[in-house]
Amino acid sequence: MVAEPADVDLADVHALSVDGEQVKKWLRAQPRQPHTTTQLQALIDAFTDEYNHRRPYRSLPQRATPATTYHARPKAGPSTDRTSDTHDRVRHDTISKTGSVTLRVAGRLRHIGIGRTYAGTYVLLLVQDLNVRVINAATGELLREPTIDPRRDYQPTGRPPGTTPKKQKA
């Protein structure tokens, strides 16, 4: 059995209610004053029930109780329509020596070619479903904006393989 402190101070009750003065007045008006925390909790529970479920509130329509008004309002919840759901995320990465960044899509790693000229560059990847934007983190320059092909592991740059031919002098 847990020992309970005798003599509860009603001045400390204001922290237990939204409207501290209202509950203190109500508690002082009770014929039997609480002497233990259990008795005090029982009185506070009775006050809460009366205040929220039985006492009509003057400022609410039809003098409804706060609980009635609360339960009448529509509640927020998850939508059952999942057709418009998108997968959005931001990823920070560094372009590898081979000129690509790695991104996990549909449980598999995909390699997005950027170009070896950008090796070591810090980038932001803004991912929305299969659409990706690769942005230079230092300058804000858009480096690539591919749409991931789920059938391929490597997403090429679109340039022909090999070195870039040098311009000939005229």
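The values are calculated or read from the model by the stated rules, or taken from the named source; none is laboratory data. This one's a predicted model, so the numbers in the text were calculated from it and none came from an experiment. Counting neighbours? That spans all protein chains shown, and the Cβs are built from the backbone with ideal geometry, glycine included.
The table for this structure:
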item: Any chance LYS97 is modelled with pLDDT of 95 or more, out of contact with any Lys or Arg (no Cβ under 6 Å at 6 or more places or on another chain) and assigned to a loop (DSSP other than H, G, I, E, B); result: yes
item: When residues of region 74-108 are limited to those that are among the charged types (D, E, K, R) and within 23 Å of the chain's Cα centre (by Cα), the one farthest from THR147 (Cα to Cα); result: LYS75
item: Tally of residues being modelled with pLDDT of 85 or more, in a loop (DSSP other than H, G, I, E, B) and surrounded by 10 or more Cβ atoms within 10 Å (Cβ to Cβ) across region 33-86; result: 4
item: Residue in region 100-113 that is basic (Lys, Arg), modelled with pLDDT of 90 or more and loosely packed, with under 10 Cβ neighbours inside 10 Å present; result: yes
